[in-house]
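Only one structure is covered here, and it is reproduced in the block below.
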Amino acid sequence: MSGGTGPAARVAPLDGLRGLAVAAVLLFHAGRLGGGFLGVDLFFVLSGFLITGLLLAEAGRGRVGLAAFWGRRARRLLPALGVTVVATLVLAWAFGTPSVLLFALDDVPWVAAQAVNWHFIGEQIGYWNASGTRVFAHLWSIAVEWQFYLAWPLVVALAGRGRGGHGRVAALAAAGAAVSLALMLAHGDAVDTTRAYEGTDTRAFALLLGALAATAPLRRGFARVPAPAADGLCAALACGLGAAWVLTDGQNAPGLFRGGLFAHSAACALLIGLLAARPDGRAGRLAGSALPRRLGELSYSLYLWHWPVYLLLPDPVFALGGWGRTAVAIGVSLLAAQVTKTLVEDPVRYRARWASGRRGLLALAAGLAVAAGVWAAVPQPHPGAGSVDIGRLTAP
């Protein structure tokens, strides 16, 4: 979903992994890949790795610019998110059922606060059985990343400076991942596993394992692996991850919340570390080939768009059901993602001078005001309107 802050920060194999992850999520939500939701885990590990690498590089130069970091994150993530949320509200009003629109209006303030995961947890909205009525159900993961981006840079800024900074960050990341795993184990036995699945604390280990892989002690270890062995390890890890995505049956997979997700994240971190150390190796060239890399470049907008498209697209489409409808839904999602990337993401990230500094804050405030205005203007639906009152029919 999210990654580096500019073209120079891109590593082709990691873009390719991002593309494979978003493809898995798209197929999962289409009902075609039982373990495709594990692609979100890969996104988390990638984000932890890339963000921590950037922060440690700044710390090595003497100081982490927190305000600049948060500004870059806002320019990277908020414009596309805002456009997608506003457009989805309008589309839900035009094409969605009253209940879908009602839930969308209820969820938008939490999406804006980047806390929608805790909203779903607090309201006991089960991810596995209730997401089909909520067009913003997938944004729980964006909220988790945002919460990580707010907290983790502070840790790196304090611990990463000076001699031994990488070691201190590595120790904190490892300890944090262990605590997060313990929390998942504590919550993983519930009948509804949404708390374990969407909690920032219970999912932090994926981001922190990625952060751990970005520290110098781990990077040196990855760099020491001979090229043929690195390619072999990458192949074995990729096959293991692929098997997990194919064989896992949603939340019913044995051990998923008893260490399975942690093991999956650890495998992702190892694969990312090896590919980052040898991006030009055979495995790196394969992972960074044109199709997965192109999907990776589109992954953020594609992730934002795919679930609203899936939920609001008529079923069947053009008399097509099954794989035909899946192909249409993915095609529409790709088109919407490309338009959003071309007209919103890239201009704001790379070319718009107004998007930074004080003018950037004013633009953010204006965007929030527009979004709030649309949210307020969409009429509240009345799901019971038009129904027949049985009591009145049977009254004497």
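Key figures
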quantity	calculated
Accessible area per residue, Å², the chain with all protein chains present, probe 1.4 Å	44
Share of carbon and sulfur in the accessible heavy-atom surface of region 154-282 [1.4 Å probe, %]	67
Around Val328: net Lys/Arg minus Asp/Glu count, Cβ-Cβ under 14 Å	+1
Separation of alpha-carbon centers, region 335-375 and region 65-91, rounded to whole Å	7
Pairwise centroid distance, computed over Cα atoms, of region 296-321 with region 182-251, Å	27
For Arg72, net neighbour charge (Lys/Arg +1, Asp/Glu -1) across residues whose Cβ lies under 12 Å away	+3
Selection from Ala157, Gly373, Leu247 lying farthest towards where the dipole of region 7-377 points positive, charges on Cβ	Ala157
Crossing angle, helix 165-187 versus the chain [Cα axis fit, 0-90 degrees, rounded to tens]	40
Contour excess over end-to-end distance, with Cα ends at Leu185 and Arg282 and 0.36 nm allotted per residue	31.2 nm
Dipole magnitude of the chain about its Cα centre (Cβ charges: Lys, Arg +1; Asp, Glu -1), debye to nearest 20	1760
Prolate/oblate/rounded label for the chain (Cα gyration tensor, a/c 1.5)	prolate
Backbone HN-Hα couplings from phi across region 270-278 [Karplus 6.51/-1.76/1.60, Hz, Gly and Pro as x]	5, 4, 5, x, 5, 5, 5, 6, 9
FRET E, pair Ala376, Trp70, Förster distance 25 Å, beta-carbon r, rounded to 0.05	0.35
Formal net charge of residues neighbouring Val225 (Cβ-Cβ distance under 15 Å; K, R +1; D, E -1)	+3
Global form of region 263-384, assessed from the alpha-carbon gyration tensor, a/c cut-off 1.5	oblate
Helical mean residue ellipticity (222 nm; -39500 (n - 2.57) per DSSP H run of 4+; nearest 500) of the chain	-23000 deg cm²/dmol
FRET efficiency for Arg224 and Ala369, using Cβ-Cβ distance with R0 set to 41 Å, rounded to 0.05	0.15
Nearest-ten-degree value, helix 98-112 long axis tilted from longest Cα axis of the chain	30
Principal-axis tilt of helix 39-60 within the chain, Cα atoms, nearest 10 degrees	50
Ranked packing of 40-49, 206-215, 62-71, most packed first, by mean Cβ within 10 Å	206-215, 40-49, 62-71
Of Pro292, Pro153, Pro379, the one that fluctuates the most in a GNM where the chain has Cα springs shorter than 10 Å	Pro379
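The values are calculated or read from the model by the stated rules, or taken from the named source; none is laboratory data. Note that the structure is predicted; figures quoted are calculated from it, not measured. Here the Cβ is made from the backbone with ideal geometry for all residues, glycine too, and neighbour counts use every protein chain on show. For the accessible areas, the whole protein counts, side chains as well, though only heavy atoms, and no ligand, DNA or RNA atoms are used. Shrake-Rupley method; radii C 1.70, N 1.55, O 1.52, S 1.80 Å.
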